1. Testing LEU178 on (1) in contact with a Pro (Cβ under 9 Å, 6 or more places away or on another chain); (2) exposed (fewer than 15 other Cβ atoms within 10 Å of the Cβ); (3) aliphatic (A, V, I, L, M), one condition comes back false. Which one is that?
2. Search region 155-182 for residues that are under 25 Å from VAL144 (Cα atoms) and pair each with any residue that is hydroxyl-bearing (Ser, Thr, Tyr) when their beta-carbon atoms are under 6 Å apart and the residues are at least 6 apart or on different chains.
3. So which of LEU127, LEU136 is surrounded by fewer than 17 Cβ atoms within 10 Å (Cβ to Cβ) and either of a type in the set (A, V, I, L, M, F, W, C) or part of a helix (DSSP H, G or I) (or both)?
4. Counting only residues that are more than 11 Å from GLY96 (Cβ to Cβ), under 19 Å from the mean Cα position of the chain (by Cα) and not small (Gly, Ala, Ser), which one in region 24-51 is surrounded by the most Cβ atoms within 10 Å (Cβ to Cβ)?
5. Restricting to region 142-165, name every residue that is part of a loop (DSSP other than H, G, I, E, B) and β-branched (Val, Ile, Thr).
6. Restricting region 94-115 to residues that are crowded, with 22+ Cβ neighbours inside 10 Å and not in a helix (DSSP H, G or I), which is nearest to the chain's Cα centre (by Cα)?
7. So which residues in region 100-134 are under 21 Å from PRO20 (Cα atoms), at pLDDT 95 or above and either in contact with a Lys or Arg (Cβ under 7 Å, 6 or more places away or on another chain) or of a type in the set (Val, Ile, Thr) (or both), if there are any at all?
Amino acid sequence: MIGSLSFAVLVSRVFGLADPRTYGSNNPGATNVLRSGNKAAAALTLLGDAIKGWLAVFLAESFAPQLGLTQSDIALVALAVVVGHMWPVFFRFKGGKGVATAAGVLFALNIWVGLATLLVWMIVTLLLRISSLSALCAAMASPVVAYRFIGHTETVAVVAIIAALLIYRHKRNIIGLLSGKESRIGQRVK
């Protein structure tokens, strides 16, 4: 249920902005909110989506001893929060691509996995300024990084599933990248 809170929609309402599902890429995520021109709203969207991913895993880890949760159960919580973001029950199952939420999940699972994946995202972003390409590269790197730093088979498998879902949710962006039509960060899309 935490994953189903769409910060792009909620923050846009608070700031009096148009629903991010109605302009640009129609994606309720931080990059599309940035297209509104409101950097504060975009930053809050990014932060909110990342925190909800982190919070779900943190809570599962915190209550694992009392509830008898295993590492596999915690990995499933990580998957559930990302799936909740992508297909939120509160917003007619029309959610975002899950990049910020997945980042929060990775930081909660293992700080080194979060940092290494963020580093991949930052390098691609700084060099090319294409949000979708940055997200795709970070997603592809995340299972490898998780294998290196976590090693727990089920957790690494869940990270790989999350990466596959992120790539799937970027299918329009992949087409845009292949055709050279993908927008750059900060570029307004009509």
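The values are calculated or read from the model by the stated rules, or taken from the named source; none is laboratory data. This is a predicted model, so every value here is computed, not measured. Note that each Cβ is placed from the backbone with ideal geometry, even for glycine, and that neighbours are counted across all protein chains shown.
1. (1)
2. VAL156/TYR147; VAL159/SER142; ALA163/SER142; HIS170/SER132; ASN173/SER132
3. Being surrounded by fewer than 17 Cβ atoms within 10 Å (Cβ to Cβ) and either of a type in the set (A, V, I, L, M, F, W, C) or part of a helix (DSSP H, G or I) (or both) holds for just one of LEU127, LEU136, which is LEU127.
4. Restricting to residues being more than 11 Å from GLY96 (Cβ to Cβ), under 19 Å from the mean Cα position of the chain (by Cα) and not small (Gly, Ala, Ser), the top hit is LEU34.
5. ILE150, the sole residue that qualifies.
6. GLY98
7. Listed by number, the list holds a single entry, THR101.
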